[in-house]
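Heads up: the structure comes next, in structure tokens.
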Amino acid sequence: MARSIVVIGAGVAGLAAAWSARRRGAQVAVISAGVGETALAGGAVDDVPWDQLERAARLLGGELPAGELAPAARLFAAELGLWDVPQAAAARLATVAGRIRPARGRDRALLDLGPLRRTRVLVPRAPRGAWDADALAESLADEPFARARGLRFLPVDAPILRFDDERRIPDGDLAARHDDPARLSWLLERLREALEGAGGAGAILLGPWLGARAPRAEALSARLGVPVGEALVGAGSPAGLRFEAARDALLAAIGATQRHGRVRAVGARRDGPGDRGERVSVHVEGDDAPLEADAVILAIGGLAGGGVVYAPPERGAGHDLAARGAAPFALSIAAPVTLGDARGALGVVSSMQGPELDVVAWPCGERPGALETVGIRCEGVRAAPGILAAGSVVAGRARTVLDAVTTGLRAGAEA
Ligand SMILES: Cc1cc2nc3c(=O)[nH]c(=O)nc-3n(C[C@H](O)[C@H](O)[C@H](O)COP(=O)(O)OP(=O)(O)OC[C@H]3O[C@@H](n4cnc5c(N)ncnc54)[C@H](O)[C@@H]3O)c2cc1C
């Protein structure tokens, strides 16, 4: 009989875990309480935090190291169909804040400036609150990467908004309008006019508006003959909607079941002799009876995704401060696992003034704070018998999309 596996969390780690477990013939159910980090992030796909990548590039005199993706990660990315992760060199993304940053890969709607040299990039003006094409163009032109590559950014007038409400509607709603092929053709004509008016260009940079169900930038680029793409938004962009659409399609394609629900507790349960041995129970809020599975994968995200909560002891102390220190973090569900950071189980440093919670929580010099690294302590991805962990909830791992893919694939394989 196929092994039964419950994956808790439907961010990129949970998706990779479900995909990997299904490939090995397991029955997989994914339970998720809603939006996590993957759906909040802007569509840049990194293996290590990008500031580290940039530091490495400076040390290497400008060349960006781009390690090979593991074959399973490459296959997973191909089946998801959402990202471009170039083999040879890192991508270069323009942010809406006017910076150019490296990324190992990107949601296909984002413009990759990496291949461009000595050319102009058009930045169409649009009367929307968070889009100032003139300021953006000026700031991007001043970036070292743009100067080194001879990239110029040219703000241009182009009536790319079709209806009056498009001045105000959220980016996600404007992106959804470009899911309609007729609307995409309309935008294509406006961009063609802008290109002709400017006497040609090497690329066109737009806001985060190019599709909510799938990236539409490639269709535009193919028909215009120049790359067209979005600028990267720090948090809360249509890239999250595109991830959710691609995730739901992939889960359906591989035959994993998916349901909405908040898990409150996970626990090991020993069945009688002759039965199937250790099973894991999963308590979903509102359900009368717990679910049971051969293994559970906790892919519930870190502090930003809702898997870990900041819970300093003084929060519940009322009039009396807690007499003793306690780690200021907790897992958001009850489970027989240990919380820690890269150094070990979480402890609290004390001084004559009492517990020094800040020493644990905040970064200090080169040392990352627990805020960035706290999670479930694992041997690889194993947290307890029958319980594995993946993604940002694993202690001490890089908080990046590709690292979540790596631990997700591994947890799915080992569950
Ligand atoms: C604003 C922002 C920008 C980022 N930028 C980048 C970047 O540029 N490059 C990069 O590589 N990475 C970036 N990251 C980090 C990256 O997005 C994460 O490392 C990665 O998405 C983590 O995926 P995950 O699946 O582990 O967690 P999440 O995507 O957070 O998924 C956790 C899932 O668990 C569910 N969940 C939580 N608790 C429960 C519960 N009790 N019951 C049921 N379900 C539950 C949540 O609803 C969610 O579905 C960014 C993150 C944020 C927040």
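The values are calculated or read from the model by the stated rules, or taken from the named source; none is laboratory data. Please read all numbers here as calculations on a predicted model, not as lab measurements. Virtual Cβ from ideal backbone geometry, glycine too; neighbours counted across all protein chains shown. Please note that ligands, DNA and RNA were not included when accessible areas were found on the heavy atoms of the full protein model with its side chains. Shrake-Rupley method; radii C 1.70, N 1.55, O 1.52, S 1.80 Å.
Some notes on this structure:
- For segment 37-153, a Kirkwood hydrodynamic radius built from all Cα pairs, placed in the Stokes-Einstein relation at 37 °C and 0.692 mPa s, yields a translational diffusion coefficient of 215 µm²/s.
- Under the convention that each Lys and Arg Cβ holds +1 and each Asp and Glu Cβ holds -1, the size of the dipole of segment 57-234 around its Cα centre is about 420 debye.
- Between the helical axis of 401-414 and the longest alpha-carbon principal axis of the chain there is an angle of about 40 degrees.
- Accessible-area rank, largest first, for Arg108, Arg382, Arg118, Arg190: Arg118, Arg382, Arg108, Arg190, with all protein chains present and a 1.4 angstrom probe.
- Overall form of segment 57-234 per C-alpha gyration tensor (a/c, 1.5; a/b vs b/c): oblate
- Surface composition of segment 139-277: carbon and sulfur atoms hold 51% of the protein heavy-atom accessible area at a 1.4 Å probe.
- Paramagnetic label zone (point 7 Å from Cα along Cα-to-C-beta, Arg3; backbone N under 13 Å) in segment 372-394: 381-383, 385-389
- Extension reserve of the Glu138-Ala56 stretch, reckoned as 0.36 nm per residue once the Cα distance is removed: 26.9 nm
- Charge-dipole axis of the chain as Lys and Arg at +1 and Asp and Glu at -1 on Cβ define it, positive-most pick from Leu93, Leu298, Trp131: Leu93
- Pairwise FRET efficiency - Ala252 versus Arg152, Cβ, R0 = 35 Å, nearest 0.05: 0.20
- Compared with the direct C-alpha span, the chain from Arg262 to Arg223 gains 9.6 nm at full extension, assuming 0.36 nm per residue.
- Divide the volume of the convex hull around the Cα atoms of the chain by the residue count and you get 178 Å³ per residue.
- For Ala158, residues with placed amide H under 5 Å, excluding near neighbours: Arg125
- Kirkwood-Stokes translational diffusion coefficient of segment 174-297, alpha-carbon pairs, 37 °C, 0.692 mPa s, µm²/s: 178 µm²/s
- Simple spin-label estimate for Ala413 and Arg24 in nanometres, 7 Å along Cα-Cβ: 0.9 nm
- In Hz, Karplus ³J(HN,Hα) per residue of segment 50-55 (6.51, -1.76, 1.60; θ = phi - 60°; x = Gly, Pro): 5, 5, 5, 4, 5, 4
- Between Thr338 and Glu196, the FRET efficiency estimated from the beta carbon spacing at R0 = 45 angstrom works out to 0.10.
- Gain on full extension, evaluated as 0.36 nm per residue between Asp165 and Asp84 minus their Cα-Cα distance, stands at 25.9 nm.
- Glu414 accessible area, 1.4 Å probe, all protein chains in place, Å² to nearest 10: 60 Å²
- Evaluating kT/(6 pi eta Rh) at 37 °C and 0.692 mPa s, with the Kirkwood radius of segment 136-186 over Cα pairs in the Stokes-Einstein relation, gives 245 µm² s⁻¹.
- Entry comment: accessible area of segment 161-201 is 52 Å² per residue, from protein heavy atoms only and a probe of 1.4 Å.
- Charged-residue dipole, Cβ positions (Lys, Arg, Asp, Glu), the chain about Cα centre, Debye nearest 20: 740 debye
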